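The values are calculated or read from the model by the stated rules, or taken from the named source; none is laboratory data. Note that the structure is predicted; figures quoted are calculated from it, not measured. Cβ coordinates were reconstructed from backbone atoms using ideal geometry, including for glycine residues, and neighbour counts include every protein chain displayed.
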Amino acid sequence: MGWFSVASICAHPAKRAADNKIYAQSLVHRVLKRDAGLIWVGIHGISDDGNAHVIIASTLDVIGNADEPNDILVVTEGRTFITPNPGKSKLGIMMPLKDVSGNIVGALALAFTYQAGDDDALLFTKATRLRDQLASEISGEMKLYEPLADLSAPSSARR
């Protein structure tokens, strides 16, 4: 990642989603539009040296925040986490984000509207479909960091 480093994101406080003009940011906006049941979307990436795991794109204003240990396991070990939270009416899914060749290039975080008794398997299937659609739009890890001049999509999550 010679011309761009995620480490530069880490050096600053969380950025606003509206100010994040990279390809990954355009992807989170497109994913949010694809499913009315989504509350928010995020993409996590890694730095040049592999030590800084951060949020690189989100519909929330959390760009540059450090990943939690489970977020890192999604990228390094290919794990998927499904976290129901009926008290907050959401189900979180964190899964490996892949490129068109099937290589893991980051992590995809999705939050769906959710009530106790909702079908977790159906939401997991939706998440997998959305992730696989994204893979066809990602030629490689570097594509995520490609600068964009303008993002015409809305910059905030559904509330």
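Scanning segment 113-134 for residues that are within 21 Å of Gly45 (Cα to Cα) and touching a strand residue (DSSP E or B) at 6+ places or on another chain (Cβ under 9 Å) returns Ala127, Thr128, Leu130, Arg131, Asp132, Leu134. Per the listing Glu146, Glu68, the residue uniquely modelled with pLDDT under 95 and in contact with a Phe, Trp or Tyr (Cβ under 7 Å, 6 or more places away or on another chain) is Glu146. Screening segment 110-135 for residues that are in contact with a Ser or Thr (Cβ under 8 Å, 6 or more places away or on another chain) and not aromatic (Phe, Trp, Tyr) and picking the one that is modelled with the lowest pLDDT gives Gln115. How many residues does segment 1-48 hold that are among the β-branched types (Val, Ile, Thr) and modelled with pLDDT of 85 or more? Number of matching residues: 6.
Going residue by residue through segment 112-133, is there one that turns out to be aromatic (Phe, Trp, Tyr) and either touching a Pro at 6+ places or on another chain (Cβ under 8 Å) or within 16 Å of Ser58 (Cβ to Cβ) (or both)? Checked segment 112-133: at least one residue is aromatic (Phe, Trp, Tyr) and either touching a Pro at 6+ places or on another chain (Cβ under 8 Å) or within 16 Å of Ser58 (Cβ to Cβ) (or both).
The residues on offer are Ile93, Ile82, Ile138, and the sole one that is touching a Phe, Trp or Tyr at 6+ places or on another chain (Cβ under 7 Å), crowded, with 20+ Cβ neighbours inside 10 Å and at pLDDT 95 or above is Ile93. The helices (runs of 4 or more DSSP H) found wholly in segment 58-159 and carrying at least 2 residues that are over 14 Å from Ile39 (Cβ atoms) and without any contact (Cβ under 8 Å) to a residue 24 or more places away in the chain occupy 69-77, 120-135.
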